[in-house]
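To start, the structure under review is shown below, and the notes come after it.
Values in this text are rule-based calculations from the coordinates and carry no lab data. Owing to the predicted nature of the structure, the values given are computational and were not obtained by experimental measurement. For neighbour counting, all protein chains shown are included, and Cβ atoms are generated from backbone atoms with ideal geometry for every residue, glycine included.
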């Protein structure tokens, strides 16, 4: 069985992190984003994963070749010379995917409790040409709402509805039968706006409801929200992966085994500390991700922040309100940052109380 992951463009929504790494390789809960998906695919029998890429393909190929060897899965790339939207890359990768069997298609931004096994069973039992994973959201006006009947057969889609018509949205994970290749031309084209409506018109488009969490982690605010959801899921599925609560650990906290964390630092809830990080005495971290090789100084306060690789937050400094530090950023002692995005290799010496971008 095979799968296609739509890696897509330049990761502009997740800058400044994607100025240093392609988005799929940015760590999410101490693992490259795309590896969460690949590991879940391998668990249901996928033996080949194709990445539809148009940006820094060689960087990803080198990293994923090593990871694929560990998992026993073949990872290849399908290069787009121009942006092909969401259906064009499927047609472009047909030579890799079309072996007569259904295949998965995923958007690389999605983090979820992937119900691949259930999707496979439902797809086969219904004789579906396409099965779309759907999930419930609180505010459907930001998404494409899926309307379907009791048999889970999809009737139509409503894009960003201003009047409530349902709260189940397209979660960006599909299971497709090979016949779909006959419906897609080799050009930039949308699977949501062109391919799926045509399949629905023939009563061959079905949905499968996600039983667990879902998040689009392609921008900083959603990345941090998704981090909390993923840690909560892990606390139920694999609690030994997290640090036991109590003492200086509040709620769900994930710490890499190579990190050095002071016993007087207070972490959580919803904190991830990456490899070779240092957290000094009295630091307070909550709702944040500290990426590989970074240092949080004594008595610093870090909330709703992503600290990029090899960066440092000085003693008594404060970061909050979805602050994002790029690679190798130095926040000096006592500095306060509120909703600030800092590009790589910068040194911040003054307080910034209003959300801004430091270039």
Kindly express, to the nearest 10 degrees and within the range 0 to 90, the angle between helix 33-43's C-alpha long axis and the longest C-alpha principal axis of the chain.
50 degrees
Given a cut-off of under 8 Å on Cα pairs at least six residues apart, what relative contact order in percent is computed for the stretch 236-358?
14 percent
Over the stretch 236-358, with a single point scatterer placed on each C-alpha, what log10 of the ratio I(q)/I(0) does the Debye formula yield at q = 0.17 1/Å?
-0.74
Overall form of the stretch 249-303 per C-alpha gyration tensor (a/c, 1.5; a/b vs b/c):
rounded
Helix 57-71 axis, angle to the chain major axis (alpha carbon atoms, nearest 10°):
80 degrees
I need the peptides 233-242, 201-210 ranked by packing, meaning the mean over residues of other C-beta atoms within 10 angstrom, with the highest value on top.
201-210, 233-242
May I ask what percent, to the nearest 5, of DSSP beta bridges between residues of the stretch 1-81 are antiparallel?
10 percent
Just one of (i) 29, 54, 17, 0; (ii) 27, 53, 16, 4, 1, 0; (iii) 31, 59, 9, 0 is P(r) over Cα pairs in 20 Å bins from 0, in percent as worked out from the coordinates here. Which one is it?
(i)
Express as a percent, rounded to the nearest 5, the fraction of DSSP beta bridges in the chain (both residues included) that run antiparallel.
25 percent
Could you sort the peptides 263-273, 134-144 by per-residue average Cβ neighbour count (10 Å cutoff), highest mean leading?
263-273, 134-144
Proxy exposure order for 86, 189 (fewest C-beta within 10 Å first) is 189, 86
With each label point set 7 Å from Cα along the Cα-Cβ vector, what nm distance links residue 260 and residue 298?
1.4 nm
Length-normalised contact order of the chain, Cα under 8 Å, at least 6 apart, in percent, tallies to 13 percent
Using alpha carbons only, how many angstrom separate the centre of the stretch 48-96 from the centre of the stretch 178-226?
18 Å
In what order do 60, 152 fall by count of nearby beta-carbon atoms within 10 Å, going from fewest to most?
152, 60
Using mean Cβ contacts within 10 Å as the protection proxy, how do 217-229, 34-46 order, highest first?
217-229, 34-46
What distance in nm separates the simple spin-label points at residue 194 and residue 149, each placed 7 Å from Cα in the Cβ direction?
2.9 nm
Rounded to 10°, Cα long-axis angle of helix 116-126 versus longest principal axis of the chain:
20 degrees
